[in-house]
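> A single structure is presented below for examination.
Coordinate-derived values only; no laboratory data. This one's a predicted model, so the numbers in the text were calculated from it and none came from an experiment. So basically every Cβ, Gly included, is an ideal-geometry build from the backbone, and we count neighbours across all protein chains shown.
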């Protein structure tokens, strides 16, 4: 499996300038790729194009050799807002996507409990959503996304609205889940530290050129620790490049 973007550009109708310009990128099966860059560099637009929520002005996007022209079950999207249904219980929310996909009730139950256990919420399966904290709700959303077993999971700054302690815990849990499942993930973030913690490769976007400035492999063993000297050095170099692109 691979996701391939070939010379992808995007111009919105109310603008004469490129939001994205000639993006070329390949993501292989099982990779965890993070995209970083300042506001306005086109990170979320890139994710929306891959999700099929927007169409490129030029170029093509291929998933497993098939053109991406609309949303599909081969791509699952997790946004900053959890988008849970308040009238459903925790486990019912996790099962929702599978139910729409007509997965058997037995498999729904097995997969829902598997991922709720991974995010540490199995004992809350019958709770109402309003009884959960913000971090717990986002963990429910993560469990729901993982149950879909899609070709690629697209995550648009899913932890950015949470406090630092909660977001740190969630990214640790996400890394553990990825190590178990090897789900292909494209993760949008403002945080260089978060990108270094999670990614196999980091895509650095240029806000001035609206294109990819650099792609940096992260050759650190997992699990990663933010205070290790090698980690700090990766973070310093990438942050310097992000800030340098902003100045340009």
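> Measure nothing but the geometry: give the 0 to 90° angle between the long axis through the Cα atoms of 105-118 and the longest principal axis through the Cα atoms of the chain, rounded to 10°.
The two axes meet at around 70 degrees.
> Once both axes come from the Cα atoms, what is the angle between helix 164-181 and the longest principal axis of the chain, in degrees from 0 to 90, rounded to 10?
Once rounded, the angle reads 80 degrees.
> I'd like the distance between the alpha-carbon centres of the stretch 210-244 and the stretch 145-198, rounded to an integer number of Å.
About 16 Å separates the Cα centre of the stretch 210-244 from the one of the stretch 145-198.
> If I take every Cα pair under 8 Å that is 6 or more residues apart in the stretch 69-205, average their sequence separation and divide by the length, what percent do I get for the relative contact order?
Computed over the stretch 69-205, the figure is 31 percent.
> Would you mind checking the stretch 41-75 for residues with the amide N under 16 Å from a putative spin-label position 7 Å along Cα→C-beta of residue 88?
Only 73 fall inside the zone, counting backbone N under 16 Å.
> Sorting 197, 124 on the 10 Å Cβ count, fewest up front, what's the list?
Exposure proxy ranking, most exposed first: 124, 197.
> Sticking with this structure for a sec: So, R0 is 22 Å and r is the distance between the beta-carbons of residue 215 and residue 164; what FRET efficiency does that work out to, to 0.05?
Plugging the Cβ-Cβ distance into 1/(1 + (r/R0)^6) gives 0.20.
> Taking the Cβ of each residue in 222, 144 as the centre, tally the other Cβ atoms inside 10 Å and list the residues starting with the fewest.
Final ranking by Cβ density, sparse to dense: 222, 144.
> If you take the square roots of the eigenvalues of the alpha-carbon gyration tensor of the stretch 1-68 and sort them as a ≥ b ≥ c, do you get rounded (a/c under 1.5), prolate (a/b over b/c) or oblate?
oblate
> Once you've got the GNM for the chain with C-alpha springs shorter than 10 Å, pick whichever of 14, 156, 126 has the biggest mean-square fluctuation.
Among 14, 156, 126, the largest mean-square fluctuation in the Gaussian network model of the chain belongs to 14.
> Please tell me the relative contact order of the stretch 87-149 in percent, rounded to the nearest whole number, where contacts are Cα pairs under 8 Å and at least six residues apart.
Relative contact order of the stretch 87-149: 52 percent.
> Also: Taking Cα pairs under 8 Å and at least six residues apart, what relative contact order does the chain come out at, in percent?
About 26 percent, as a whole number.
> Moving on. Measure nothing fancy, just the Cα-based angle from helix 134-147's long axis to the longest principal axis of the chain, in degrees from 0 to 90, nearest 10.
90 degrees
> Would the stretch 72-123 count as rounded, prolate or oblate if I go by the C-alpha gyration tensor, calling it rounded below 1.5 in a/c and otherwise prolate when a/b exceeds b/c, oblate otherwise?
Rounded is the answer for the stretch 72-123, as its axis ratio a/c remains below 1.5.
> Within 10 Å of each residue's Cβ, count the other Cβ atoms and sort 69, 166 from fewest upward.
69, 166
> According to the square roots a ≥ b ≥ c of the eigenvalues of the Cα gyration tensor, what is the shape class of the stretch 87-149, taking rounded for a/c under 1.5, prolate for a/b larger than b/c otherwise, and oblate for the remainder?
Because a/c hits 1.5 or more and a/b exceeds b/c, the stretch 87-149 counts as prolate.
> Taking only DSSP H segments of four or more residues, each worth -39500 (n - 2.57), what value at 222 nm results for the chain once the sum is divided by all its residues, to the nearest 500 deg cm²/dmol?
Dividing the helical sum by the residues of the chain leaves -12000 deg cm²/dmol.
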